[in-house]
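Student: Dropping the structure in here first, questions after.
What follows is calculated from the coordinates using simple rules that are stated; it is not laboratory data. Quantities reported herein were computed from a predicted structural model and do not represent experimental measurements. For neighbour counting, all protein chains shown are included, and Cβ atoms are generated from backbone atoms with ideal geometry for every residue, glycine included.
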Protein chains: 2
Amino acid sequence: MLLAHDPARAFVPYPAVPVPGAPTGPLSGLSFGAKDLFDVAGYPTGGGSPLVLAMSGIKTVNAPSVQRLLDAGARFVGKTHTDEFAFSMNGRNAHFGTPINGAAPDRIPGGSSSGSASAVSNRLCDTALGTDTGGSVRAPASHCGLYGIRPTHGRVSLQRALDLSPSFDTCGFFARDATTFARVADVMLGADPAPLPARVRLLRPADAWALIGDEPAAALAQAVSRVESVAGAASPCTLALDSIDAMYTAYRQLQGREAWVVDGPTIERFAAPLGPGVAERFAWSSRLTDAEVAAASVFRERFRTHLAALLGTDGVLVLPTMPDVAPLLSADEAALDAYRANAIRLLCTAGLAGVPQVSMPLARRLGAPLGLSLIGPAGSDRSLVALAQAIGG
Amino acid sequence: MLLAHDPARAFVPYPAVPVPGAPTGPLSGLSFGAKDLFDVAGYPTGGGSPLVLAMSGIKTVNAPSVQRLLDAGARFVGKTHTDEFAFSMNGRNAHFGTPINGAAPDRIPGGSSSGSASAVSNRLCDTALGTDTGGSVRAPASHCGLYGIRPTHGRVSLQRALDLSPSFDTCGFFARDATTFARVADVMLGADPAPLPARVRLLRPADAWALIGDEPAAALAQAVSRVESVAGAASPCTLALDSIDAMYTAYRQLQGREAWVVDGPTIERFAAPLGPGVAERFAWSSRLTDAEVAAASVFRERFRTHLAALLGTDGVLVLPTMPDVAPLLSADEAALDAYRANAIRLLCTAGLAGVPQVSMPLARRLGAPLGLSLIGPAGSDRSLVALAQAIGG
């Protein structure tokens, strides 16, 4: 049965069409939503854009990541809202509205997997698929008090899902508790190609921690201690190859160019009216030069090598997921932009390096949740989830 | 065959689904579009709102007014954009964009039947269905240089069409030339229940003409002479019962209350983000008191009686359709609001009285078209079209 009542406004209000799944399986008893970038048979795929929704038509085949959950016995309850073209991190969609943050209703849910995080945090379903390009699972996980993962790039299928920036796009998911998170991870990830050893080498990137204020850092201190008590004391390290600003710039240029290649034709064809922030970012993206993009691409390769060397096969970074708790719903665009720029500086490590990151809801401040993250080597996703379960359990 | 190329962005970009019609008939050879308030089998009905579009599902039955054109041999080419919830007169939809005015591409097309007027003025189809509540056919007809009609209230079916304000809503249509306009009128209107006599009594409402500037009035002078040469000299008369301001207020209150009854539940349920102007109008509508609406309702009854007496069975008002040519695309919301307030003062006569009005593209100014209107007694629609054809032909 599909969801009839949606007080969180987490789901796109498509007419309910049953989506058949396996009667039993490892996810029996769990319900799930899917971000409206994934095709689900019987539904359009809107991507948070009225024009994309109009062009969609009704899909007839499920995206493989949706099908995997269905085959495991999870029950589909609806498609969840996303930021427009998934090109935002705050969860405010100028056309469809803002899903309610179940952990802090006076604050933004975060995005672009806003509806998925809203649905899970409001207990409207047990897990939900999201995508994470620059933080679109990790940010709303931190803001809504959820476990969330950005997997190793390419590990979980994004077939029959709308692209944003393919070289960064990943398929992640959310859960309220570590046990459910691990159950879903078993199905979505399977066994690790590069599992972490029993004893990991915990790393604390000083330059990443320097990006956040004293108060959020203090709020996270107890969670860090908990991580250290499970995984061993953290050694200090430096994330940036050149500087965090260089990482930030390279990430934005590469993502912006790809986003413009993917969505620019639609935006130009229809002179698509875009919401605040999204419009400015696409306009900025459209002006990137080939030279800028080429330099950023070289930088990314060097950064990947640097981070792979830093992590080896047993390194795990412990760092804040986001600079702080979610901004208030009343925050203006300028405040959100400033917050976003700082957040991307934290979030771009996993994206640039293509490595997995898990956010754990282990801290609170100002009555709202704040996530602590683990980043591991490529292919260690399931091990990271197990570590998160050992820490959180 | 459906339209593949839409340089005017007049059509909602739904996947093309063939809509069968009669192989021959009185409208053979004509193509038509239908405003996206009318159901067309195989398509959603979006009403210019992303959330209404999401909720729509695919319709399986044609609206009777669409079916009537198909049965007459006209060929359906697509669904046309509308202002959000049809609650605007300028044609700028914050979610779907602004269709291009084929007669003045640097100016707004007018709305809410913006896409229909755009499609016809850009020669993407020969005729198109629109709806007119407060001017939504007449305004874009004037702005885009088209013939357009607001029929007698209740005369043309609005079944399977989204409501705005049912006691004002009408189903109208557009054409580029008087002959095509008359062909479509034959099919959509049939014979008049109250035809005009061969010799009409032409009336020139001094208070309506006083609403427009000297320059638009001068631009319309030759067209008025042409009307008089066909229909006889116009006698001066006064439209307003109390004052034009009282008409304006009563119209807005009655329309606003109905619009809020119709669309308020959707807007509140989803905290629907509305575009500029539309948001303010719905907010205003939500605050109307029962006492205001009751007084406006009494006023409307008195005005109907007054206008019926003024027109008798042979009276035809000749008046400007709009205060001036279409505002430039660069106009800000404040300028558009001021223009709209003046326009409603001109347009509300036919709406309040439930009588038919035809706008004729007989004047130009500043390189853009300007419409002249005829208003006749209830049930004289087809006669008015014939008069327009005699004048324009």
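Student: What does the copy distance list look like for residue B:15, label position 7 Å along Cα→Cβ, in nm and ordered from shortest?
Tutor: Going from nearest to farthest copy, the values are 1.5 nm.
Student: Quick check on chain A: helices-only [θ] at 222 nm, where DSSP H runs of length 4 and up contribute -39,500 (n - 2.57) each and the sum goes over total residues. Nearest 500, please.
Tutor: The helix contribution divided over chain A gives -12500 deg cm²/dmol.
Student: Considering every residue in B:14-23, what mean count of other chain Cβ atoms within 10 Å of its Cβ is obtained?
Tutor: 1
Student: What ³J(HN,Hα) values, in whole Hz, does the Karplus curve 6.51 cos²θ - 1.76 cosθ + 1.60 give for segment B:37-51 when θ = phi - 60°, with x put for Gly and Pro?
Tutor: These are the phi-based 3J(HN,Hα) values: 9, 8, 5, 10, 4, x, 10, x, 10, x, x, x, 10, x, 6 Hz.
Student: Something else about it: For segment B:105-174, how big is the tail of P(r) above 18 Å, as a whole percent of Cα pairs?
Tutor: Result for the distance tail: 30 percent.
Student: Also: I need the inter-copy label distances for residue B:154: point set 7 Å along Cα to C-beta, values in nm with one decimal, smallest first.
Tutor: 7.0
Student: With charges set only on the Cβ (+1 for Lys and Arg, -1 for Asp and Glu), what does the dipole of segment A:192-262 come to about its Cα centre, in debye to the nearest 20?
Tutor: In debye, rounded to 20, segment A:192-262 gives about 240.
Student: Okay, moving on. In terms of Cα to Cα distance under 24 Å, which lysines are near enough to residue B:59, apart from those fewer than 8 places away along the same chain?
Tutor: A:59, A:79, B:35, B:79
Student: Okay, moving on. Can you tell me what share of the DSSP beta bridges in the protein assembly as shown is antiparallel? A percent to the nearest 5 is fine.
Tutor: Percent antiparallel among DSSP bridges in the protein assembly as shown is about 65.
Student: Write down Rg/Rh for segment B:1-48, rounded to two decimals, with Rg from the C-alpha atoms and Rh from the Kirkwood relation over Cα pairs.
Tutor: 0.95
Student: Over 22 Å apart: what share of the alpha carbon pairs of segment B:257-393 falls there, rounded to a whole percent?
Tutor: Tail of the P(r) past 22 Å holds 54 percent of the pairs.
Student: For segment B:32-155, compute Rg over Rh where Rg is the Cα radius of gyration and Rh is the Kirkwood radius from the inverse mean 1/r over Cα pairs.
Tutor: 0.94
Student: Using only Cα positions of chain B, each an equal point scatterer, no hydration layer, compute I(q)/I(0) via Debye at q = 0.07 Å⁻¹ and quote the log10 values to two decimals.
Tutor: -0.27
Student: Taking the Cα atoms of the protein assembly as shown alone, what are Rg (to one decimal) and Dmax (as a whole number) in Å?
Tutor: 30.1, 100
Student: Measuring from centroid to centroid over Cα atoms, what is the spacing of segment A:155-211 and segment A:37-73 in Å?
Tutor: Using only Cα atoms, the two centres lie 22 Å from each other.
Student: Now, a different point. Can you give the local net charge around residue A:58? Use residues other than it whose beta-carbon is closer than 15 angstrom to its beta-carbon, Lys and Arg +1, Asp and Glu -1.
Tutor: My count for the surroundings of residue A:58 gives +2.
Student: Let me ask something else. Among A:289, A:349, rank each residue by its count of other Cβ atoms within 10 Å, from fewest to most, as a rough exposure measure.
Tutor: Neighbour counts put them in this order, fewest first: A:289, A:349.
Student: Now, a different point. Can you compute 3J(HN,Hα) from phi for each residue in segment B:249-260, using the Karplus curve 6.51 cos²θ - 1.76 cosθ + 1.60 with θ = phi - 60°, rounded to whole Hz and x for Gly and Pro?
Tutor: 5, 4, 4, 4, 5, 5, 5, x, 4, 5, 4, 6
Student: For segment A:141-273, report the translational diffusion coefficient in µm²/s to the nearest whole number, using Stokes-Einstein at 10 °C, 1.306 mPa s, and a Kirkwood Rh over Cα pairs.
Tutor: 87 µm²/s
Student: Hey, any idea what Rg/Rh is for segment A:163-225, computing Rh the Kirkwood way over Cα pairs?
Tutor: 1.04
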